[in-house]
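Reading through the structure tokens given below for one structure.
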Amino acid sequence: MTLRVVVVDDRRLVAEVLASALRVRGHRVLGAASPAARAVELVSAKQPEVCLFGCADPEAPDALAPVGRLGREFPRCAVVVLGPVPSPLGVAAAFAAGARGYVRQDERIEGVERALARARSGETAVAPQLLRDAFAELLDPRDGTHAEGARLAGLLTEREADVLARIVEGEDTRRIAAGLGVAPSTARTHVQRLLTKLGTASRLEAAALAVRTGLLDQLATRAPERP
């Protein structure tokens with residue numbers, strides 16, 4: 001089943017990686033954009049069957065507003081939200097906004113593909129295990145949302161956290177160096193140290209790990225280092 005799909009996400013690199021993976025699997029990816037707020041614009045221009053909507057925090061005010069607009073203005077386009085792992089209120093908010101599906105940010109591409117296909121067919125696309133996990137968390141809340149993300153955050157310096165954020169945004173070595181105000185060789189050293197600490201072999205793996213574990217959220221909320 002070939003899907004006509006667009007992909008949006010606040011993280012440009014994530015949007016491009018997902019779009020590339022879907023193309024490799026034979027689907028017609030009509031466009032990929034960042035930030036996610038551009039979803040309405042992209043759907044209006046491309047008229048896809050499905051929109052994969054990456055949302056880092058579905059519970060944030062107006063985070064899912066584009067999903068509601070898509071439902072009102074383009075009811076033939078099914079929206080599948082790609083969200084946190086898992087967020088009970090976020091799952092509920094996604095469906096309340098009009099989404100036909102919700103998949104976890106750490107889901108394999110095959111699972112994302114199945115969710116898109118089910119949503120296009122008019123079915124509700126959400127993994128039973130995700131619902132079970134969500135209900136279990138509501139009944140028995142856990143302390144901390146991303147234990148692994150918190151552990152990794154403790155390993156990184158402020159400079160390495162900045163480098164990671166830039167990698168997730170899709171910046172290359174030249175742009176990272178310019179943003180940090182250092183030479184490209186120094187930027188490459190920072191990147192290599194970061195990859196070593198995270199135990200990843202590439203920038204793409206580091207970005208995927210950051211998304212899966214909520215590492216960037218942990219880094220954003222931790223106290224600044226003392227001089």
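The values are calculated or read from the model by the stated rules, or taken from the named source; none is laboratory data. Just so it is clear, the model here is predicted, and its values are computed rather than measured. Glycine gets a Cβ as well: all are built from the backbone with ideal geometry, and neighbour counts include every protein chain shown. These accessible areas exclude ligands, DNA and RNA; they are computed on the full protein's heavy atoms, side chains included. Shrake-Rupley method; radii C 1.70, N 1.55, O 1.52, S 1.80 Å.
Table for the structure above
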{"item": "Per-pair calculated FRET efficiency, R0 = 30 Å: Q192 and L89 via Cβ, rounded to 0.05", "result": "0.20"}
{"item": "Potential lengthening between A96 and E73 on full extension [0.36 nm per residue; Cα-Cα distance subtracted]", "result": "6.7 nm"}
{"item": "Between helix 184-198 and the chain: long-axis angle, C-alpha atoms, 0 to 90°, nearest 10", "result": "70 degrees"}
{"item": "Between 0 and 90°, nearest 10: helix 203-213 axis offset from the chain longest Cα axis", "result": "70 degrees"}
{"item": "Interchain or long-range residues, amide H under 5 Å from G31's placed H", "result": "V7"}
{"item": "Percentage relative contact order, the chain, counting C-alpha pairs under 8 Å, at least six apart", "result": "16 percent"}
{"item": "Estimated FRET transfer efficiency (S121, E148; beta-carbon r; R0 35 Å; 0.05)", "result": "0.50"}
{"item": "Förster-model FRET efficiency, 25 Å R0, R23 and A201, C-beta, rounded to 0.05", "result": "0.60"}
{"item": "Sulfur and carbon atoms: percent of accessible area, the chain [1.4 Å]", "result": "52 percent"}
{"item": "Nearest 10 degrees, 0 to 90: helix 128-139 Cα axis against the chain principal axis", "result": "70 degrees"}
{"item": "Options V126, S20, P66, ranked by Cα towards positive dipole end of the stretch 4-139, top entry (Cβ charges)", "result": "S20"}
{"item": "Sequence ranges 25-37, 93-105, ranked by mean other-Cβ count within 10 angstrom, highest first", "result": "93-105, 25-37"}
{"item": "Net charge of neighbours whose Cβ lies under 13 Å from the Cβ of P48, counting Lys and Arg as +1 and Asp and Glu as -1", "result": "+3"}
{"item": "CD proxy at 222 nm, helix term only [per DSSP H run n ≥ 4: -39500 (n - 2.57); per residue of the chain; nearest 500]", "result": "-16000 deg cm²/dmol"}
{"item": "In order through the stretch 160-172: 3J(HN,Hα) via Karplus (6.51 cos²θ - 1.76 cosθ + 1.60), integer Hz, x for Gly, Pro", "result": "5, 5, 5, 4, 4, 4, 5, 5, 4, 6, x, 6, 8"}
{"item": "Interatomic Cα distance distribution for the chain, bins of 10 angstrom, percent", "result": "8, 32, 33, 21, 6, 0"}
{"item": "Translational D in µm²/s for the stretch 4-139 (Stokes-Einstein at 20 °C, 1.002 mPa s, Kirkwood Rh from C-alpha pairs)", "result": "149 µm²/s"}
{"item": "Extension gain from A45 to V182, taking 0.36 nm per residue of separation minus the Cα-Cα distance", "result": "45.3 nm"}
{"item": "Probe 1.4 Å, all protein chains present, accessible-area order of I109, I167, largest first", "result": "I109, I167"}
{"item": "Mean accessible surface per residue for the stretch 4-139, computed with a 1.4 Å probe while every protein chain stays in place, in Å²", "result": "46 Å²"}
